[in-house]
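Here is the structure we will look at, set down as structure tokens.
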Amino acid sequence: MADSLNDTLRTQLDVYVTETFVNEDEVLKSIQAEATRNELPAISIRAFEGRLLQMLVHISGAKQIVEIGTLAGYSAVWLARALPAGGKLYTIEKSSKHAAIARDNFTRAGLNARIELLEGDALDSLTKLAPRNPFDMVFIDADRPHYHDYLDWAAANLRPGGLVAAHNAFRSGRVLTPENEDDRFVQDFNVALAKDTRFEAFVVAVGDGFAIGVRK
Ligand SMILES: C[S@@+](CC[C@H](N)C(=O)[O-])C[C@H]1O[C@@H](n2cnc3c(N)ncnc32)[C@H](O)[C@@H]1O
């Protein structure tokens with residue numbers, strides 16, 4: 001009973017925040033519609049989480065961002081729109097189907113000059129990107145078993161003061177009582193980030209939670 005009351009309040013607050021602070025325009029809505037039409041899994045960030053990412057870009061003054069996990073490009077468009085002139089988002093996607101849909105969406109959003117999509121496995125793509133460091137922000141939203149590797153890459157390739165943000169820190173609440181492997185991976189990852197002496201860490205309790213680290 002208490003849970004369903006909390007869930008209702010949370011949903012109402014999400015709607016309130018979205019209506020008050022978020023402008024999801026027609027391009028962003030159409031990206032979600034395209035994802036549904038192409039039967040992609042409904043696992044993108046939500047609009048108010050996109051707005052949070054934009055705020056993180058602005059607060060950190062990020063100019064070069066790496067995103068791990070593109071899907072249809074929804075979060076990439078939120079991020080890229082927050083970049084200053086001359087800024088660049090590198091977004092990594094291993095599924096050729098997802099990459100093709102995302103490329104179309106970036107063209108429709110008029111963001112081809114600001115976004116470079118690297119198609120392939122994230123660890124390979126990150127190795128290719130490393131010579132372009134230092135980066136200002138790394139957004140992790142892909143396969144949970146590799147989150148530790150992605151964190152190590154971020155530690156090695158972020159400038160001091162740069163940000164790492166990992167999505168789904170709460171696993172819809174299951175981080176408290178893990179029910180599957182991915183829940184356990186995220187639980188471990190959050191603890192590892194919290195203890196990682198390379199970062200100052202916290203979790204932003206917006207949406208499904210963003211584990212945030214600032215590179216020391
Ligand atoms: C949660 S979705 C990303 C959602 C996207 N960030 C958004 O909010 O719009 C995760 C994506 O990561 C991709 N992915 C999973 N493992 C990967 C890997 N090892 N390398 C590259 N991409 C991967 C999946 O194919 C999927 O498209």
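Tabulated data
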{"read-out": "Members of the range 57-83 found to be touching a residue at least 24 places away in the same chain (Cβ under 8 Å) and more than 14 Å from the ligand (Cβ to nearest atom), listed by number", "value": "57, 58, 60, 61, 62, 63, 64, 82, 83"}
{"read-out": "Single unsatisfied condition, residue 199 versus (1) open to solvent by less than 30 Å² (accessible area, probe 1.4 Å); (2) within 15 Å of the chain's Cα centre (by Cα)", "value": "(2)"}
{"read-out": "Filter result (among the aliphatic types (A, V, I, L, M) and open to solvent by less than 50 Å² (accessible area, probe 1.4 Å)) within the range 82-99", "value": "82, 83, 89, 92, 99"}
{"read-out": "The one condition in (1) open to solvent by less than 20 Å² (accessible area, probe 1.4 Å); (2) near the ligand (Cβ under 8 Å from one of its atoms) that residue 44 fails to fulfil", "value": "(1)"}
{"read-out": "Test result for residue 208, assigned to a helix (DSSP H, G or I), within 19 Å of residue 138 (Cβ to Cβ) and among the charged types (D, E, K, R)", "value": "no"}
{"read-out": "Subset of the range 23-55 [under 22 Å from residue 140 (Cα atoms), β-branched (Val, Ile, Thr) and touching a helix residue (DSSP H, G or I) at 6+ places or on another chain (Cβ under 7 Å)]", "value": "31, 45"}
{"read-out": "Boolean, residue 39 is more than 12 Å from the ligand (Cβ to nearest atom) and either under 13 Å from the mean Cα position of the chain (by Cα) or over 20 Å from residue 163 (Cα atoms) (or both)", "value": "yes"}
{"read-out": "Test: residue in the range 190-205 that is within 15 Å of the ligand (Cβ to nearest atom) and in contact (Cβ under 8 Å) with a residue 12 or more places away in the chain", "value": "no"}
{"read-out": "Verdict on residue 19 being under 20 Å from residue 206 (Cβ atoms), charged (D, E, K, R) and in contact with a strand residue (DSSP E or B) (Cβ under 7 Å, 6 or more places away or on another chain)", "value": "no"}
{"read-out": "The range 121-149 residues that are part of a helix (DSSP H, G or I), paired with ones that are within 11 Å of the ligand (Cβ to nearest atom) and of a type in the set (Phe, Trp, Tyr) (beta carbon under 8 Å, 6 or more apart)", "value": "122/150; 126/150"}
{"read-out": "Any hit, the range 157-167, residues being within 9 Å of the ligand (Cβ to nearest atom) and not in a loop (DSSP other than H, G, I, E, B)", "value": "yes"}
{"read-out": "Of all residues making up the range 58-81, the number that are open to solvent by less than 10 Å² (accessible area, probe 1.4 Å) and either farther than 20 Å from residue 126 by Cβ or modelled with pLDDT under 95 (or both)", "value": "4"}
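For (1) near the ligand (Cβ under 10 Å from one of its atoms); (2) under 18 Å from the mean Cα position of the chain (by Cα); (3) not basic (Lys, Arg), each residue gets a yes or a no:
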{"position": "92", "(1), (2), (3)": "yes, yes, yes"}
{"position": "98", "(1), (2), (3)": "yes, yes, yes"}
{"position": "104", "(1), (2), (3)": "no, no, yes"}
{"position": "114", "(1), (2), (3)": "no, yes, no"}
{"position": "118", "(1), (2), (3)": "yes, yes, yes"}
{"position": "121", "(1), (2), (3)": "yes, yes, yes"}
{"position": "125", "(1), (2), (3)": "yes, yes, yes"}
{"position": "132", "(1), (2), (3)": "no, no, no"}
{"position": "136", "(1), (2), (3)": "no, yes, yes"}
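The values are calculated or read from the model by the stated rules, or taken from the named source; none is laboratory data. On a predicted model such as this, the values are computed, not experimentally measured, just so you know. Ideal geometry is used to build each Cβ from the backbone, glycine not excepted, and the neighbour counts take in all protein chains shown. For the accessible areas, the whole protein counts, side chains as well, though only heavy atoms, and no ligand, DNA or RNA atoms are used. Shrake-Rupley method; radii C 1.70, N 1.55, O 1.52, S 1.80 Å.
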